[in-house]
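What follows is a short report on a single structure.
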Amino acid sequence: MNEILEALVKYAAILAFMLGVVAPVMVWVERRGMALIQDRRGPNRVGPFGLLQPLADAFKFIFKEEIIPAQADKVLYLAAPALALVPALTTFTVVPFGPTFNYAGKEIKLVVIDSDIGALMFLALAGLGVYSLICAGYGSYNKYSLLGSLRASAQLISYELSMGFAILAILVSTASFNLLDVIDYQNSMWNIVYQPLGFLVFLVTAFAETNRVPFDLPESESELVAGFNTEYGAMKFALFFMGEYVNMTTLSLLLAVLYLGGWQLYPGWTPPEGIVGAIIGVLITLAKVIFMMWLFVWVRFTLPRFRYDQLMKLGWKVLLPLSITNLVIVTILVNKGIL
Amino acid sequence: MMLETVIFYLFASLAVIFALVVILHPDPVKATLSMVITLFSLAVIYLTIKAPLIAALQILLYTGAILVLFLFVIMLLNIQREISLPFSKPVQLWGSIVSVGFLIGIITNFAIKIKIEESVKNYSLVLIAESLFKENALSFIATGFLLLAAVVGATIIATKVKRG
Amino acid sequence: MSVVGFSHYFFLGLILFSIGALGALTRRNGITIFLSIELMLNSVNLILVSYASTNGNLAGQILVFFMFAIAAAEAAVGLAFFIAIYKHRRTINIDRLTFLRW
Amino acid sequence: MTSLIAIVLLPFLGAVVNGILSFSNSKRAVTFTALATTGGSLVIALYTIWRYLTELSPQPIEYVLYKWLEKPLEIQISFLLDPLSAIMLFVVTFVGFFIHLYSTGYMSDDEGYGRYFAYLNLFMGMMLLLILGSNLLVTFIGWEGVGLCSYLLIGFYYKQDEPPRASMKAFVVNRIGDFAFLIAIFISFAHFATLEYREILNAIATNQQLQDTVYIFGLTLPALLALLLFIAATGKSAQLPLYVWLPDAMAGPTPVSALIHAATMVTAGVYLLTRTNLLFQLSPNILKLVTLISVATAFMAASIAIAQRDIKKVLAYSTVSQLGYMFLAAGVGAFVVSIFHLFTHAFFKALLFLGSGSVIHAMEGEQDIYKMGGLKQHLPHTYITFLIGTLAIAGFPPLAGFFSKDAILAYTYDHSKAIYFIGLITAGLTSFYMFRMFILTFHGEFRGTEEQRKHLHESPPSMTLPLWILAIGSAFVGFIGKIPFTHYDLFGKILSPVIVKLEEKAVHHDVLHEVLLITLSVVAALLGLVAAKVLYSQGPTGDERLKSIITAPLYTLLKGKYFVDELYTFVIVTPLRTTANILWRFVDQLIIDGTLHLAAGIVQLISALGSFTTTGNLRNYMLYFVIGIILLIAYTVG
C-alpha cells in the first residue's frame, strides 16, 4: 500500500509540474520564441513580457462556448481530447527524472513506476495516442478531420517503428529494459557518442510523433484547415494542446535519459548524497529537457513542412532502414564486446 | 488484497461488456474501438497475474498495431453500418447459440478435470528471455520467417491490380 | 495465484470466447467476424497465461508470445485478403461472398 | 587440360547467347557471337592439338569435369584427348568455323538468323561433346544432342511442307540406331560397372575368357557390343538399311548439309567404330557384316546418284556412298584409313556442299541441275573450287580423295578381290555422277529463266573465302596420309596408339601391285569423267542416252532410288499406323477413357449428394467447424 501511495505522490508531483508549469511556460516560450525568430514582438500586453498570456489563454478557453457539431458522434467526439491527454499523461510514468536518494532510511527512486520493462511500457502507451486522432477524425463528421486523422495515425505508426528500433538499440547495449539502468550504463560515456545515428533517428521521430513541424501534416492549415481538430474549440482544443506539450516534454525527457545521460552533468558524474543531490540532479535533467524543448520550438519556426509522400518516404525508406542499420551495428558491436 | 480483486472484477466486467459491444454494434469502427477497450482491460488483467511483459506486448501489438490496421482497412474500404442487425436469420442464430452453449458446457466439464497446482513464482524478464532465446530459439526464428512471409504476402495480395 | 483463483480467469476467458464465437457465427460483416476471431484468440491467451501463472510455469507466456506474432501475421494477411476481395467484389458482406460454392 | 572445357563450352555459350539474341533483331551481334565462340573454340583447339601432338610420346589426357553420379552407378562427365579425338577435334572445329563463316553470308537474308546460329552453335558444342567424351555416356549425350540439332536444322524452314517431314524422318530413323547404342551402354555397364572407353577396352583385352565365351545368340560379348554399336553407327552414319533419312535431310539449309550431313555428324559412326576398334577386331563376323553392308551402301548410293536431278540430292547420295567407303575401310580392318578418308572427305564434301550452296544462292533457290548450266562465267570462284572438289572426290591424283580412296581400295584388295571390284566400280560411278553434275551445272548453255539469269552473281567474300580455304585443304591434305611407294604415313603414325594391332597384316604390296592398283583407280576415275563428258556435253538429254545404254527398267529403278522408301512405307509404316489406329479407337478411347469417365461419373454422383452442405456461406462453414470441435472435445472428454 505504501508503494502505491509513493507512486501516487510522485505522479501527482510530476503531473502538477507538467500541467501547471510546463504547458503554460511552453505556450509563452513558443509564441515569444516565434516572435524572436521571425523578428516580431509576440505577446507583450498581459503582464511583463506577456508572461501572463498563458493565463489569459486559459481563461479564454474555459469561458468559451462549447460547440458540438450536430452530426458528430458525440461519444467519440468527446472522448477524443481525453484520449489525447491520457496516454500523454501516462507515458512519463516510466521515465526517470532524477537520481535515486535516501530519505529517512528509505531509498527513493525519482521515477513513478520503476519497472523491468519501462521502455516497453513507454512504447506501448505511446502507441495508444493514435486512438485519440482516430476518434477525433471519425467522430467529427468532417472530411478534413477524417483525412487529417488518417494521415496522423499513419504517420504515428510509421514513425513509431523507427523510434522503437532506435530505443531497442540502446536497450541492446544496456542489456536491460529499465531506464534507470540505461542512465547507469552511460557512466562511461553518453549514448549520443556511441550511437549518433540512433540519436538522429530518435530526434526526427520525436518530431514526427508529436506532430510538430516539419511533420505537422495532420493539422496543416493550408490544406486541411486544421486537420483532426478542426471541429474542436474551447477546453477540448486546450486538451489537445496540452497533450501535445506533455508529449513533447516526455519525449525530451526520454531523449535526455536515453542519449544525454539523464541527470549526469558529464559522463560519470554522480550527484551528492541526500535530497540536495537529488534536487541538483533533477535540475540538470530539467536543463537538458529545456534545451530539447527549445529545439522543438526552434525547428518549428525554421523548417518548412514536408509533403505527405515525402513524409512517408522519409519514414519508411530512410529512417526505418537507418534505424535497423543502427540496431544491427550496435548488436554486432555488443556481440563482439566492443560496446 | 482487496484492491486487486476490485481491479479484476472491474476490468473483467469492462472486457465482457465491450466484447458484447464488439459483436453487437452495427458500426464496424465502433466495434473495433470497443475491441480496443476489451483488449486494454485484458492487458490490465495480465498485470494482476504477474505477466507484465505480456501486458505490454498486448497493448503494443494488439491495440497499438493490429487494431489500428483494422481501423485503416475499415476506413479504406468505407464499410457501412450493417443494414439489419446480426440476428436476422433465426435458424442460423439458434444453431449458433446451441452450438456455442454446448461448447461452453463441454469445456467447463473439461476444466473441472484439470488439476491445478497453485504456486507462486517470480517471472523476471530474464527468465522469459532465456526461455525464449534458448529453449525456443528455433520457434523464435521460425516466427520471424512467418512474419516476413506475412508481410510479403500481404503486400502482394493487397496491391494486386484488378483485371478487367 | 494471488487474489482470485484460476477459475475466475478461466470463466472470464470462457465468456469472452463464447462471445467471440457467437459474433463469428452470426455477423455478416467480414471485418467484424475477423474481430470476433481475434477476441476468441485473446480469450485463449488469457486462459493460457493465467493457467501458466497458476502452475508456476513460463510455457504459457512463451506460447502467448508466439501467438501474438501469429496474430499479427494473420491480421496482415487476412486484411490484405479483405482488401483484395473488396477490390474484386465491391463488398465484404460474407452473405454475398459465396464463391466457395462449387 | 582445362582448355578442353573452353573448347566445349564456348559453342554452348554461343548457343545460349544467340538463343537470347534471336528475340532481338541484331544480326551483327549474332554474327559476332557465332564467329567469336566458334573461332575461339578453333583457336584453342588448334593450340591444344599442336601442344599435344608435338609432345614426344603423347599420352591420352583425361579431364574430369565433375562426377555426375557416385558409386555404384559411377558416372563422370569427363573428356579424353588422344590422337583420335585430336584429329576429330581438328576436323570439327576447323570445318565448323568456316561453315559458320560461310553461313553468315548464306543466311544473311533469313529472318531466322539468330535461331539458325543458336542451333548451329549448339550443334558444335554437342559434336565436340561427342568426340571428346571419355566414356560412352558423354558420347551418347553428344550423339543425341547432334541428333537433336540435326532435327532442328533440317526442319529449319518449318513453314514449308517438306522440311518438317524430313526432320521427323531423320529423327525417327536415328532413334533405331540410338536404341542399339543405349543397349550397348546398359550391357557394358552391367558387365564392367563403368562406361569409360579405356577401362572397358582394357577389361576386354585382358580377359581371354570373355573373348572366347559365347554370350548370347552365338555372339561373344565383344561381338554383341560391336554389333550394337555398328547398328547405332548405321543410323547416324546413314548406312543400309537406315540411310533413307540422309537424302531427305537436304531440306535443311545448305551449310547445314555441309557441316552436319557431310563433314561431321554423319561421320560420328565411323568415329565410334574406330574408338572401339578392339571390339570389332575381336569379332571377325561383325567385321564381315560391316564390310558387306558398307560396300552395298557405297555401290547402291553411287548408282542412285547417277540418276538424280537435284544438286543436293546427288551430293547426299555421294555422301552416303563415301560413308560406305569409310565403313568399308573399317570393315577390312584399316581403321586408320577409315579415319583418313573421313578427314579428307570432310574437306572436299564440305567444299562441294558449300559450292552447291553458292550455286543455289546465285540461282535464287533453284536446285535442279537441269535448269542450270553455263554458270562457269558467272561464278568463277565457285567454279574453280567446285572443280577442285569434284576432282578430289573422283580420286584424281594428287588431290586428297585420291590418297584416301586408293588406300581403302588397296586394303580391300588384300581382303577380297570381289569387294575390291565393286569398290572400283563405285569409284568409277562416283567420278561419273560427279562430273555429270559438274558439267550440267557449269558448262553448256544456261537453261534457267531470264529472271534468274539477270540475278546471277558471285557470292560475297564471306562465302568464297571458306570455299577457297576448303579447296586448298581438299587439294593438299592428302599428303599427310600414306603416300604410295613410300613408307611415309604421318596419319598412321599419329593414330597408331589408338588402333589395336592384333595381328600384323600385310600392308605393303610390291611395287608392281601398287602401280596396278593406282592405275586401275585412276583409270576408273578417268572413265567416269570421259563417260560424263561424252553423255552430257549436250545437256540433260544425256539422260536419254544413259537410259538407252543401261536399259529403261534399270534406269527407272535408279531414278526411283530402288524404291526403298516405298518399301519401308509398305512394310513398316502402314502396318504400324493401322495398329496404332486400332489401339487409339478401341483400347484408348473406348476402354481406358471409358473406365475413367465411368469412375468420374460415379464420383460426381456421390458428390452431388453431399454438395447441398456447400452453400458457399462462410458462417455455415464455421458452424460445421464448431460442431466438429464439439464432437471432438466430447469424444476426448468422454
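For region A:190-339, the relative contact order comes to 32 percent (Cα pairs under 8 Å, sequence separation of at least 6).
Just to confirm a number: summing +1 for Lys and Arg and -1 for Asp and Glu over residues other than D:Leu409 whose beta-carbon lies under 15 angstrom from that of D:Leu409, what do you get?
That works out to 0.
Among A:Tyr141, D:Tyr317, the order of accessible area from largest down is A:Tyr141, D:Tyr317, computed with a 1.4 Å probe on protein heavy atoms. Entry note, the protein assembly as shown: the mean residue ellipticity at 222 nm calculated from DSSP H runs of n ≥ 4, each adding -39500 (n - 2.57), is -22500 deg cm²/dmol after division by the residues and rounding to the nearest 500.
Arrange the residues A:Trp269, D:Trp143, D:Trp584, B:Trp94 by how much accessible surface each exposes, largest first, with a 1.4 angstrom probe.
Details: A:Trp269 40, D:Trp143 0, D:Trp584 110, B:Trp94 150 Å².
The residues order as B:Trp94, D:Trp584, A:Trp269, D:Trp143, largest area first.
Packing, as the average of other Cβ atoms within 10 Å across residues, places the peptides A:2-10, A:187-195 in the order A:187-195, A:2-10, highest first. The simple Förster model, with R0 at 30 Å and r as the Cβ-Cβ distance, assigns B:Thr159 and C:Arg90 a FRET efficiency of 0.95. Report note on the peptides D:183-196, B:54-67: ranked by the mean count of other C-beta atoms within 10 Å, highest first, their order is B:54-67, D:183-196. Close amide H pairs (under 5 Å, H built 1.01 Å from N) link D:Tyr215 with D:Thr220, D:Leu221, residues at least 5 positions away or on another chain. Of interest is the spacing of the C-alpha centroids, which for region B:1-26 and region A:16-42 amounts to 42 Å. Between region D:369-444 and region C:37-102, the C-alpha centres lie 87 angstrom from each other.
Working note: Cα gyration tensor of region B:1-81, eigenvalues times five, square-rooted, sorted largest first, giving semi-axes of 27, 15, 5 Å.
Within a straight-line Cα-Cα reach of under 20 Å, D:Lys454 can be paired with the following aspartates and glutamates, leaving aside sequence neighbours fewer than 8 residues apart in one chain: D:Asp109, D:Glu364, D:Glu366, D:Asp368, D:Glu445. Between helix A:129-139 and chain A there is an angle of about 10 degrees, using the helix long axis and the longest principal axis of the Cα atoms. Share of pairwise Cα-Cα distances greater than 16 Å in region A:247-339 is 71 percent (whole percent).
On the basis of the beta-carbon distance and an R0 of 30 Å, B:Ile141 and A:Leu15 show a calculated FRET efficiency of 0.10. For D:Trp68, the amide hydrogen comes within under 5 Å of the amide hydrogens of D:Ile75, D:Gln76, D:Ile77, counting only partners 5 or more places away or on other chains and with H modelled in the peptide plane. Largest GNM mean-square fluctuation among A:Phe59, A:Phe92, A:Phe215, using chain A with Cα springs under 10 Å: A:Phe59. Each residue, A:Thr325 and D:Arg51, gets one label point 7 Å from its Cα in the Cβ direction; the gap between the two is 4.8 nm. The angle between the Cα long axis of helix A:320-335 and the longest principal axis of the Cα atoms of chain A comes to about 10 degrees, rounded to the nearest 10.
Label-to-label distance, A:Met34 versus D:Asp510, with points set 7 angstrom from Cα along the beta-carbon direction: 13.0 nm. Sorting D:591-600, A:77-86, B:146-155 by their mean Cβ neighbour count within 10 Å, with the most densely packed peptide first, gives A:77-86, B:146-155, D:591-600.
Shape of region D:1-135 from its Cα gyration tensor (a ≥ b ≥ c, root eigenvalues): rounded if a/c is under 1.5, otherwise prolate when a/b > b/c, or oblate?
In terms of gyration-tensor shape, oblate.
Against the longest principal axis of chain A, how steep is helix A:143-174, in degrees 0 to 90 to the nearest 10, with axes from Cα atoms? Computed tilt is about 0 degrees. The orientation-averaged projected area of the convex hull spanned by the Cα atoms of the protein assembly as shown comes to 71.8 nm². For A:Ile108, the residues whose amide H sits under 5 Å from its own are A:Phe101, A:Asn102, A:Tyr103, ignoring neighbours fewer than 5 places away on the same chain, with H placed 1.01 Å from N. Here the spin labels are modelled as points 7 Å beyond Cα on the Cα-Cβ line, and at D:Leu567 and D:Lys417 they lie 3.0 nm apart.
Accessible surface computed residue by residue for region B:1-81, with neighbouring protein chains in place and a 1.4 Å probe, gives 35 Å² per residue.
Ligands, DNA and RNA are left out, and with a 1.4 angstrom probe the accessible area of region D:565-637 is 77 Å² per residue. Note on chain A: the C-alpha convex hull projects to 18.6 nm² when averaged across all orientations. Legend: mean number of C-beta atoms from other chains within 10 angstrom of residue C-beta atoms, peptide D:612-620, equals 6.
Output the pairs from D:Lys288/D:Lys349; D:Lys236/D:Lys547; D:Lys313/D:Lys376; D:Lys405/D:Lys493; A:Lys313/B:Lys50; A:Lys106/A:Lys236 with a Cα-Cα distance over 30 Å in this structure; if there are none, say none.
The pairs that break the limit, which is 30 Å between Cα atoms, are D:Lys236/D:Lys547; A:Lys313/B:Lys50; A:Lys106/A:Lys236.
Is region D:418-483 best put as rounded, prolate or oblate by its Cα gyration tensor, with a ≥ b ≥ c the root eigenvalues, rounded for a/c under 1.5, and otherwise prolate when a/b is larger than b/c, oblate when not? In terms of gyration-tensor shape, oblate. Heavy-atom accessible area with a 1.4 Å probe sorts C:Glu38, A:Glu107, A:Glu65, D:Glu458, largest first, into A:Glu65, A:Glu107, D:Glu458, C:Glu38. Of the residues A:Ile183, A:Ile290, A:Ile275, the one that moves most in a GNM of chain A with alpha-carbon contacts below 10 Å is A:Ile275. Assuming a ≥ b ≥ c are the square roots of the Cα gyration tensor eigenvalues, decide whether region C:6-89 counts as rounded (a/c under 1.5), prolate (otherwise, with a/b larger than b/c) or oblate. The shape class here is oblate.
The values are calculated or read from the model by the stated rules, or taken from the named source; none is laboratory data. Given the structure is predicted, the values throughout are model-derived calculations rather than measurements. No Cβ is skipped: glycine too gets one built from the backbone with ideal geometry, and neighbour counts run over all protein chains shown. Ligands, DNA and RNA are excluded from the accessible area calculation, which covers all protein heavy atoms including side chains. Shrake-Rupley method; radii C 1.70, N 1.55, O 1.52, S 1.80 Å.
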